[in-house]
Amino acid sequence: MKFAVIIFPGSNCDHDMYHALHKVLGEEVKFVWHGETSLDGYEVIVLPGGFSYGDYLRAGSIARFSPVMNEVIRHAEAGKPVLGICNGFQILTECGLLPGALLRNKNLRFVCKDVYISTENVNTIFTNQLNKGQILKIPIAHGEGNYFIDRADLQELEENGQIVFRYATAGGDLADSANPNGSVSNIAGIVNRQGNVLGMMPHPERAVELLLGSEDGRFIFNSLRN
């Protein structure tokens, strides 16, 4: 597969993603600067983590207007895969490809640690190599990861199976104590209604080698390849 990793001013997880996809998993990957106006030829678009435009105003709000985003939206609307990690998730909500918003963490502090997430929907292109309820150990690193959506739209997410990952304990309990940022309903990752756009706060690209403490992120990338 051919992956495009979009680089915005302030991106800092782009090389992590490149390493995971190319060096570890052996996929073809190219960096694409945010000013580009064509994504032709790429099968999967990745919006990596970081602090695009220094999180000015709020995370993702400026990156949403980068020229490349018109092509990201076109790619998504054509049913092709788009993956947004951390800041990428924030950008996807800002541009309307995903519902809801990412707010400041409940404790108003930056949180960087390993967390456990429960797999809620295995019928997506991002999770077809996982089992329902399977627990993944994946790191987070964010200050604005508190996912919010109103009650009516939350119900719609539930009914459509759009909630893909929830924060959980190592044993799979969806406890408040396992929620690192205050996200509504312990949400860690969602897809759009069509299922081809995934946004998640945890960093699977930082969990593809045992040297880093976990290989669980591979399930997501191998699902895409499958």
Under 20 Å between alpha carbons - lysine pairs in the chain that sit 8 or more apart or on different chains: 5
Efficiency of FRET between residue 193 and residue 12 - r from beta-carbon atoms, R0 22 angstrom, step 0.05: 0.10
Spacing of the two label points (7 Å from each Cα toward its C-beta) at residue 65 and residue 2, in nm: 3.2 nm
Segments 136-145, 80-89 sorted - mean Cβ within 10 Å per residue, highest first: 80-89, 136-145
Label-to-label distance, nm, for residues given as residue 160 and residue 110 (7 Å Cα→Cβ offset): 3.4 nm
Long-range Cα-Cα pairs in the chain (distance over 22 Å), rounded percent: 45 percent
Gaussian network model of the chain, Cα within-10 Å springs - most flexible of 153, 14, 176: 153
Pair residue 77, residue 209: separation of 7 Å Cα→Cβ label points (nm): 4.0 nm
Amide proton proximity set for residue 146, modelled H, under 5 Å, gap of 5+: 103, 105
Residue-averaged [θ]222 nm for the chain, counting only DSSP H segments that reach four residues, each worth -39500 (n - 2.57): -5000 deg cm²/dmol
Cβ-defined net charge surrounding residue 148, 12 Å radius [Lys, Arg +1; Asp, Glu -1]: 0
Extended-chain gain in nm, criterion 0.36 nm per residue less alpha-carbon gap, residue 38 and residue 132: 30.2 nm
For the chain, built as a Gaussian network whose Cα springs stay under 10 Å, the top-fluctuating residue of 117, 187, 149: 149
In Hz, Karplus ³J(HN,Hα) per residue of the range 162-173 (6.51, -1.76, 1.60; θ = phi - 60°; x = Gly, Pro): 7, 7, 9, 9, 10, 5, 8, 7, 4, x, x, 7
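Taken together, the values in this text are just the output of simple stated rules run on the coordinates, not laboratory data. Fair warning: this is a prediction, and the values are worked out from it, not measured in the lab. FYI the Cβ positions are ideal-geometry reconstructions off the backbone, even for glycines, and counts take in every protein chain you see.
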